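Report on the structure given below.
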Amino acid sequence: MKQRTLGKSDIQVSEVGLGCWQLGGDFGPVEADRADAVLHAAMEAGIDFWDTADVYGAGLSESRIGDFVRRNRPGVTVASKVGRGGDLYPHGYTRQKVRASIEGSAKRLGVDAIDLVQLHCVPPEVLYDGDLLAWMEDFQRDGLLRAFGASVETLEEAKFACTHPDLASLQIIFNLFRQDAITELFPLAQAKNVGIIVRLPLASGVLAGRMTAGQAFAETDHRQYNRHGEAFSQGETFSGIPFETAVALADALKPRVPEGMDLAQMAMRWILDHPAVTTVIAGASRPDQVTRNAAASDLAPLDTALHDELAAFYAEKVRSHVQVPI
Ligand SMILES: NC(=O)c1ccc[n+]([C@@H]2O[C@H](COP(=O)([O-])OP(=O)(O)OC[C@H]3O[C@@H](n4cnc5c(N)ncnc54)[C@H](OP(=O)(O)O)[C@@H]3O)[C@@H](O)[C@H]2O)c1
């Protein structure tokens with residue numbers, strides 16, 4: 001498993017990370033044993049960057065990680081988030097409440113200082129106001145967090161956050177169905193030495209190519225209850241593409257998969273081929289998914305002709321279906 005440096009921080013992380021939203025049960029129920037097996041698989045595969053948030057399973061994802069780390073000492077960097085829990089979102093942000101929220105995460109994770117705390121898709125006007133980022137600077141000085149970053153919805157928000165002098169990382173949606181970050185954001189992030197953490201690499205799983213148009217999901221799965229943005233940004237579920245369309249687009253990509261990899265691995269490899277990217281936090285609800293996703297690190301880069309083909313596929317067939325502002 002190859003390592004990359006997280007922006008201007010001194011933190012080295014595996015280029016394939018683990019998304020731990022699933023461990024809170026928001027992709028359907030995940031019992032404790034299975035959550036443990038997912039974390040074990042990550043540890044075995046050398047995945048040492050784990051992304052979670054206070055709101056994933058109302059703290060369950062963080063508690064499970066904290067518990068696992070206490071028992072197994074895997075030597076991982078854990079990133080959490082602040083800004084969507086309690087009564088903070090959308091306009092309840094005060095310095096005291098944000099601090100208390102981060103302290104709650106630290107307690108569940110069993111640490112004094114959290115490795116990386118990311119603003120969690122706070123409303124754009126709150127982000128632009130700047131207070132939250134200034135408070136994060138203070139919390140870093142106080143030793144409550146080692147580094148801070150921002151998870152955002154749009155490229156405008158990403159470009160704004162990038163210009164903050166102490167921001168270590170940006171978390172964005174970037175995948176074969178969401179390619180726009182390449183042109184402007186990536187050069188800016190590299191110039192500002194901001195690490196890019198890629199979420200939704202598989203567009204909520206549809207880019208693994210195993211889903212069918214009529215497929216049902218559990219009532220507790222956001223892929224069921226947030227299809228049209230009923231609970232949070234529509235762009236977070238299937239990358240903002242209508243499910244049936246996303247399945248058809250994933251099927252259309254299958255003939256392009258090089259020999260020796262599957263569609264999920266091609267999707268992961270395509271992301272890793274962008275040097276601006278620090279780590280790709282693929283989410284997993286089963287241990288075998290973790291192992292397969294980790295293997296993308298050892299695969300050869302995709303060739304230029306395939307990169308060109310995938311760029312054209314996005315521009316001609318995908319982009320117009322994204323139903324949220326990019
Ligand atoms: N606003 C934010 O900051 C924000 C928002 C969303 C996500 N995130 C973070 O980003 C992480 C990744 O995003 P995501 O989990 O939403 O999307 P994702 O990584 O694109 O998709 C994850 C889903 O894909 C399926 N999958 C994964 N690997 C597979 C494989 N090798 N073969 C077949 N299926 C596979 C699994 O579906 P099944 O469970 O159906 O098997 C898994 O739950 C999250 O876990 C979370 O940590 C952050």
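The values are calculated or read from the model by the stated rules, or taken from the named source; none is laboratory data. This is a predicted model, so every value here is computed, not measured. With ideal geometry, Cβ positions are generated from the backbone for all residues, glycine too; neighbour counts draw on all protein chains shown. Heads up: the accessible areas ignore ligands, DNA and RNA and are worked out on the full protein's heavy atoms, side chains in. Shrake-Rupley method; radii C 1.70, N 1.55, O 1.52, S 1.80 Å.
Summary table below
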{"quantity": "By accessible area with a 1.4 Å probe, ligands and nucleic acids excluded, highest first: order of K159, K81", "calculated": "K159, K81"}
{"quantity": "Sequence of Y56, Y89, Y225 when ordered by accessible area, the most exposed leading, probe 1.4 angstrom", "calculated": "Y89, Y225, Y56"}
{"quantity": "Nonlocal amide H pairs with D54, under 5 Å, H built at 1.01 Å", "calculated": "K81"}
{"quantity": "Estimated vicinal HN-Hα couplings, Hz - the stretch 119-128 in sequence order (Karplus 6.51, -1.76, 1.60; Gly, Pro = x)", "calculated": "4, 9, 6, 6, x, x, 5, 6, 4, 5"}
{"quantity": "Listed residues G57, G75, G260, most fluctuating in the chain (Gaussian network, C-alpha, under 10 Å)", "calculated": "G260"}
{"quantity": "CD proxy at 222 nm, helix term only [per DSSP H run n ≥ 4: -39500 (n - 2.57); per residue of the chain; nearest 500]", "calculated": "-10500 deg cm²/dmol"}
{"quantity": "Selected from F186, F68, F217 as most flexible by GNM, with the chain as the system and alpha-carbon contacts under 10 Å", "calculated": "F217"}
{"quantity": "Residues of the stretch 37-52 with amide N under 17 Å of a point placed 7 Å along Cα→Cβ from T220", "calculated": "37-38"}
{"quantity": "Accessible area (Å², 1.4 Å probe, nearest 10) - T220", "calculated": "70 Å²"}
{"quantity": "F160 - accessible surface, heavy atoms, 1.4 Å probe, Å² rounded to 10", "calculated": "70 Å²"}
{"quantity": "The chain: most fluctuating residue of T77, T245, T237 per GNM, C-alpha cutoff 10 Å", "calculated": "T245"}
{"quantity": "Loop GluC sites (Glu not before Pro), the stretch 222-326 (other Cβ atoms within 10 Å of the site Cβ: 11 or fewer; DSSP)", "calculated": "E230, E259"}
{"quantity": "Cβ-based charge dipole, the stretch 42-97, positive-most Cα from N72, Q96, W50", "calculated": "Q96"}
{"quantity": "Geometric extent, Cα atoms of the chain - Rg, Dmax (angstrom)", "calculated": "18.3, 54"}
{"quantity": "Whole-percent carbon and sulfur share, accessible surface of the chain, 1.4 Å", "calculated": "51 percent"}
{"quantity": "Residue-normalised accessible area of the chain, given per residue in Å² at a 1.4 Å probe", "calculated": "39 Å²"}
{"quantity": "Set of lysines with alpha-carbon distance to K317 below 29 Å, sequence-local pairs under 8 removed", "calculated": "K159, K254"}
{"quantity": "With DNA, RNA and ligands ignored, accessible area of M211 (1.4 Å probe; Å², nearest 10)", "calculated": "30 Å²"}
